[in-house]
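Taken together, the values in this text are just the output of simple stated rules run on the coordinates, not laboratory data. Because the structure is a prediction, the values reported are computed rather than measured. Here the Cβ positions follow ideal geometry from the backbone for every residue, glycine too, while neighbour counts run over all protein chains shown.
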Amino acid sequence: MNCTIITIGDEILIGQTIDTNSAWMAKELNAAGINVFEILSVSDNAQHISDALNRAFTNSDIILTTGGLGPTKDDITKNTLATYFGAELKFYEDIWKDIEAYMAKRGVGILESHKTMAMLPANCEVIKNERGTAAAMWFNENGKILVAMPGVPHEMKDFMSRVVLQRLQKQFTLPGIVHKTIMCAGAGETILADIIKDIENSLPPHIKLAYLPSYGIVKLRLTAKGNNKAQLTAQVEELSEKMVALLTPKFVFGYDDEELPQALGNLLLQQNASMATAESCTGGLIAHQITSFAGSSRYFKGGVVSYSNELKQALLGVKPETLAQYGAVSEQTVCEMAVGAIEKLQADFAVAVSGIAGPDGGTPEKPVGTVWIAVANKSRVVARKFQFARSRDINIELSANIALNELRKFIIGIM
């Protein structure tokens, strides 16, 4: 069962708005057993929308569109759909009353243009909007379904969760789709693939393995498709266990949606331990990643962003002679930063980072991308040198992710 997602709006094509709707929809559709065949983004142009619809009806049984249902002149999706399906626009009195009530409740004055939102194709099934004013439209074209929804994310999600997914599951006989993602860090996809090559080479045709690399992180996603979801789940779990046994905790830090800061936080909670950060080139990104998750106050004491040498000395106790002899980007300095974070912030563990993010500041001895990372507890400190790229953003993100993983490995005793 194939589905095409069409996002409509000039703002997407010019990069003004990021299309987060399609990613969310694809994930939910996949979980329901609906294969997303393709995702299209088109402009607020009637011909472009019609061309996308022709393509979608050729390839898919289900077409979901978002965007272009508002009251302004550039919102042309509704009129284009009416023309496409050969229908007249009809004024829906009940939808208009809902719009009036919605506006009144929020103390917003009603304009004449708002009435256009109650003008909908006569041949569609109207789905009321419980989060806004733009109704969704359900079309059945020779057994193929098209649902047009507003582009506002929380409104679209409500339509999908409340109506669309449930109706699609009732209308179509859907296969089972099972995913299992193994979260890895500390090695690139080539190294991981070599470790698990025998398992990958023996996968049955209905199970696929995908490698999804990002900065310092690699996701290994197993996907199984078939009619017996319970059997698929058992098969994927068995394969996952075999892969993890080969990869070991040296590389595996979690599963599915678990992120590295969460995995690190769970380790600290298990040991009833705390941590602190001492950052230079990452500028507080490590602390930000940790505190992005609820409950981090139970294990995160705090962090120091010591960009200058003066603050490295004043706040972390780095010795002036260390900085003078070895420089800020050095094993000696980063080790003293980590030890200082433990002492000053009274933490059980600490991670410290100092490097040259770029694009300038490098030397022949310490080129751009040179980063030292240290991890420590109250009795031991370990530092490693890394050489990254020449892109500042990449260097910062890589440094933060690798630093988190270095601390994770230190805590579980594999460093």
Say a paramagnetic label sat at a point 7 Å from the Cα of E365, along Cα to Cβ; which residues of the range 282-322 have their backbone N under 18 Å from it?
309, 319-322
Working out 0.36 nm times the residue gap between F293 and Q270, then minus their Cα-Cα distance, what length gain in nm do you get to one decimal?
6.6 nm
Built amide H within the under 5 Å cut-off of Y255, gap 5+
M183
Report the antiparallel proportion of the DSSP beta bridges in the chain as a percent, rounded to a multiple of 5.
60
Quote the Stokes-Einstein diffusion coefficient, in whole µm² s⁻¹, for the range 176-255, based on the Kirkwood radius over alpha carbon pairs, a temperature of 25 °C and a viscosity of 0.890 mPa s.
194
Quick one: go through the range 361-392 and flag any residue whose amide nitrogen is under 17 Å from the point 7 Å out along the Cα-to-Cβ line of M415.
371-388
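What's the ranking of 383-391, 366-374 by average number of surrounding C-beta atoms within 10 Å, highest first?
The peptides rank, most packed first, as 366-374, 383-391.
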Using r as the Cβ-Cβ distance of K170 and A389, and R0 as 45 Å, what FRET efficiency do you calculate, to the nearest 0.05?
0.35
Output wanted: per-residue J couplings in Hz (rounded whole) for the range 144-156, from phi through Karplus 6.51 cos²θ - 1.76 cosθ + 1.60, θ = phi - 60°, x for Gly and Pro.
9, 10, 10, 10, 9, 10, x, x, 5, x, 5, 6, 4
Angle in degrees between helix 260-270 and the longest Cα principal axis of the chain, rounded to the nearest 10
60
Compute a Gaussian network model of the chain, connecting alpha carbons closer than 10 Å, and tell me which residue from S22, S274, S161 fluctuates the most.
S161
Taking θ = phi - 60°, what integer Hz values does the Karplus form 6.51 cos²θ - 1.76 cosθ + 1.60 yield along the range 168-178, in sequence order, with x for Gly and Pro?
5, 5, 6, 7, 10, 7, 9, x, x, 10, 10
³J(HN,Hα), Karplus 6.51/-1.76/1.60, whole Hz, each residue of the range 380-390, x for Gly, Pro:
8, 9, 10, 10, 9, 9, 10, 10, 9, 8, 9
Using amide H atoms built in the peptide plane, which far-off residues or other-chain residues are under 5 Å from L40 H to H?
I5, I6, T7
With each pseudo-label sitting 7 Å past Cα toward Cβ, what's the S41-K225 distance in nm, one decimal?
2.5
Cα principal axis extents for the range 261-412, largest first, Å:
44, 31, 22
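Within the range 59-156, list the trypsin sites (Lys or Arg not before Pro) lying in a DSSP loop whose Cβ has at most 10 other Cβ atoms in a 10 Å radius.
K73, R106
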Taking Cα atoms only, helix 93-105 is inclined relative to the longest principal axis of the chain by an angle, in degrees rounded to 10, of 40
Evaluate the distance, in nm, between pseudo-label points positioned 7 Å from the Cα of V108 and of K378 along their respective Cα→Cβ axes.
5.7
Roughly what % of Cα-Cα distances in the range 2-171 sit above 19 Å, to the whole percent?
54
Can you tell me the Rg and Dmax of the range 87-198, counting just the alpha carbons, in angstroms?
21.6, 67
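Within 10 Å of each residue's Cβ, count the other Cβ atoms and sort D348, D44 from fewest upward.
D348, D44
Is the shape of the chain rounded, prolate or oblate, going by the alpha carbon gyration tensor and its root eigenvalues a ≥ b ≥ c, with a/c under 1.5 for rounded and a/b larger than b/c for prolate?
Values: a/c = 2.63, a/b = 1.83, b/c = 1.44.
Judged from the Cα gyration tensor, the chain comes out prolate (a/c at least 1.5, a/b above b/c).
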Return the distance in nm (one decimal) between the two label points of a simple spin-label model at Y326 and E238, each offset 7 Å from Cα along Cα→Cβ.
5.2
In the Gaussian network model of the chain, springs joining C-alpha atoms below 10 Å, which of M243, M117, M183 carries the largest mean-square fluctuation?
M117
Once amide H atoms are built 1.01 Å from N in the peptide plane, which residues 5 or more positions from G302, or in another chain, come under 5 Å H to H?
T277
